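Single-structure report; data block below.
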Amino acid sequence: GQQVMQIPQYQHVQEGEDFTTYCNSSTTLSNIQWYKQRPGGHPVFLIQLVKSGEVKKQKRLTFQFGEAKKNSSLHITATQTTDVGTYFCAGPKGTASKLTFGTGTRLQVTL
Amino acid sequence: DSGVTQTPKHLITATGQRVTLRCSPRSGDLSVYWYQQSLDQGLQFLIQYYNGEERAKGNILERFSAQQFPDLHSELNLSSLELGDSALYFCASSVRLGAGNTIYFGEGSWLTVV
């Protein structure tokens, strides 16, 4: 079945450092979504990428969809403590809109 | 506030018991999803309903069942509970059925089996 892996599983950075998480799918994705889950919270939608090679920015966050539409990345520039949480990528599986979530990357930011 | 409401927020029950988790989707959303998140684990898809019909199934145990009612709210029934069923259960909803729909999560129901 479709697997969506993310690396790293966990990253601890100092505030102001950059952070990147990578998402890799075993199959081609029609689109990919990114979600953020704060500690103790629920996943919250961040963005959706649809086109091959697409790059989207949200303030300090840059999202990229690979040319082959099998991988994606999320880069955070100059992390802040408010960036703490787990970042999940998710891709649709099959014809239904069921989203298969990646394994997640937990980000810890300290001063 | 995502607009997805889940009850109860917390639940402690004994092994062998049965519980029902309830979800009200966002107004206008026809599709409801259930996910399980164990401690330090990712989001495991359980089941999806669209307008009252089951549309997709994940690794949902036979002891678990769900349904979506005509008013579009959904219930997840967990029976013969085991310690390993302790987890955070999320309900999510989306407007349509189809790849690419954004799904909105509720705050989850924390289930502890003792």
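Only one of the listed residues (A:TYR35, A:TYR22) is touching a strand residue (DSSP E or B) at 6+ places or on another chain (Cβ under 9 Å) and open to solvent by 60 Å² or more (accessible area, probe 1.4 Å). That residue is A:TYR22. Checking each residue in segment A:56-74 for being farther than 18 Å from A:THR28 by Cα and of a type in the set (Lys, Arg) picks out A:LYS56, A:LYS57, A:LYS59, A:ARG60.
One residue alone among B:GLY28, B:GLY3 is assigned to a loop (DSSP other than H, G, I, E, B), away from every other protein chain (no Cβ under 14 Å), out of contact with any Cys (no Cβ under 7 Å at 6 or more places or on another chain) and within 27 Å of A:ILE47 (Cβ to Cβ), and that residue is B:GLY28.
Residues in segment B:86-114 that are more than 13 Å from the chain's Cα centre (by Cα) and closer than 12 Å to B:GLN36 by Cα: B:SER86 alone. If the condition is being within 14 Å of another protein chain (Cβ to nearest Cβ), touching a strand residue (DSSP E or B) at 6+ places or on another chain (Cβ under 6 Å) and over 20 Å from B:GLN6 (Cα atoms), then segment B:72-107 contributes B:LEU97, B:ALA99, B:ASN101.
Being in a strand (DSSP E or B), within 11 Å of the chain's Cα centre (by Cα) and of a type in the set (D, E, K, R) is a description that does not apply to B:GLU54.
Name the single residue that is least open to solvent (accessible area, probe 1.4 Å) among those in segment A:59-99 being within 13 Å of the chain's Cα centre (by Cα) and of a type in the set (S, T, N, Q). Filtering segment A:59-99 for residues that are within 13 Å of the chain's Cα centre (by Cα) and of a type in the set (S, T, N, Q), the one least open to solvent (accessible area, probe 1.4 Å) comes out as A:SER72. You will find that of A:VAL109, A:VAL55, the residue that is open to solvent by 40 Å² or more (accessible area, probe 1.4 Å) and aliphatic (A, V, I, L, M) is A:VAL55 and no other. Would you confirm whether any residue within segment A:18-32 is acidic (Asp, Glu) and in a loop (DSSP other than H, G, I, E, B)? Yes - at least one qualifying residue is present in segment A:18-32. The condition (being more than 14 Å from chain A (Cβ to nearest Cβ), aromatic (Phe, Trp, Tyr) and open to solvent by less than 30 Å² (accessible area, probe 1.4 Å)) is satisfied by just one residue among B:PHE69, B:PHE64: B:PHE64.
The values are calculated or read from the model by the stated rules, or taken from the named source; none is laboratory data. These numbers come from a predicted model, not from an experiment. A quick note on method: Cβ atoms are made from the backbone with ideal geometry, for glycine too, and the neighbour counts reach across all protein chains shown. All accessible areas refer to the heavy atoms of the entire protein, side chains included, with ligands and DNA or RNA removed. Shrake-Rupley method; radii C 1.70, N 1.55, O 1.52, S 1.80 Å.
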